[in-house]
Each structure stands twice: as structure tokens, then as C-alpha cells.
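Quick one: the structure is below, and I'll ask about it shortly.
What follows draws every value from the coordinates through simple rules; no lab data is involved. Keep in mind that this is a model prediction, so the values were computed, not measured. All Cβ positions, even for glycine, are placed from backbone atoms using ideal geometry, and neighbour counts span all protein chains on display.
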Amino acid sequence: MGKYDHLKKGYREAVSILREVPGVAEYADSAEVAIGRMITERRKELGYDLQQLADVSGVSFADVCVIEMGLTHHRAGLVVTPDALSKLFKALQIEGLRPMADEEAAAYAANEA
């Protein structure tokens with residue numbers, strides 16, 4: 001048994017309980033959270049702290065934090081522009097992803113329905 005296995009077990013149990021709270025599972029599984037995790041992981045791979053990523057990308061420190069936490073949904077009142085995401089993707093050398101503007105995303109969603 002590893003030194004921190006008891007913490008991992010406690011974390012998994014807490015996550016399991018939290019996912020039962022209405023809205024938590026949907027949030028945890030959202031695209032915003034997935035993008036935030038991807039950005040966080042890539043930032044750490046490159047050895048940047050939050051301020052360094054903000055400086056390199058030209059995106060405000062506050063917006064980088066909000067994006068990494070996955071709090072970029074309109075309901076949260078925290079709207080991050082596609083331009084900010086594009087700057088982060090470029091700074092982190094993430095290729096093959098292009099954020100959509102709200103109008104473009106709405107049109108895409110309408111066509112998928």
C-alpha cells in the first residue's frame with residue numbers, strides 16, 4: 001500500500017458523493033471542465049505557473065484561472081472569449097482545436113439537433 005493510498009480512496013469517495021448532488025455530474029463532465037483540465041495539464045508539462053502562462057499568452061491571470069477551473073459558462077457569469085482560448089492554445093502549442101464564437105457554436109448545435 002502506497003503512502004498516499006488512503007488519501008486517494010477518500011478523494012474517490014468524496015467525488016462519488018458529490019456527483020450525486022444535482023448539477024455536479026453535469027458540470028464535472030462538461031466541455032468547460034475538460035478544456036480547463038487540458039490547459040492545466042499542458043501548462044504544467046511546459047513548466048509554466050499561472051502567471052507565466054498569462055504573461056506568455058497575453059490572457060489575464062484572472063481569465064487563465066477561470067478557464068482552468070472550468071467556470072467559463074454563461075450561467076456562471078464568466079464568459080471567456082474565443083480569442084482568449086486561441087491565445088492560450090497558441091501559447092501552449094495545442095494544435096487541432098479552434099474555439100467557436102457563440103454564434104458559430106449555436107449554429108453548430110442547431111445542426112446537430
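On alpha-carbon atoms, Rg over Rh for region 1-71 using Kirkwood Rh?
Details: Rg = 15.1 Å, Rh = 13.9 Å.
We get a ratio of 1.09 for region 1-71.
Using θ = phi - 60° and the Karplus curve 6.51 cos²θ - 1.76 cosθ + 1.60, what whole-Hz ³J(HN,Hα) does each residue of region 10-22 get, with Gly and Pro shown as x?
My calculation for region 10-22 gives x, 5, 4, 5, 5, 4, 4, 5, 5, 5, 7, 6, x Hz in order.
Turning to a different aspect of this structure: Report, in listed order, any pair from LYS9/LYS44; LYS8/LYS44; LYS9/LYS90 with a Cα-Cα distance greater than 29 Å. Spell out each step's value before the answer.
Numbers: LYS9/LYS44 24 Å; LYS8/LYS44 21 Å; LYS9/LYS90 37 Å.
Over 29 Å apart, Cα to Cα: LYS9/LYS90.
I need the calculated FRET efficiency for the pair VAL56 and SER30, taking r as the beta carbon distance and R₀ as 30 Å, to the nearest 0.05. Intermediate results must be reported in sequence, preceding the final value.
Details: r = 26 Å, r/R0 = 0.87.
Once rounded, the FRET efficiency stands at 0.70.
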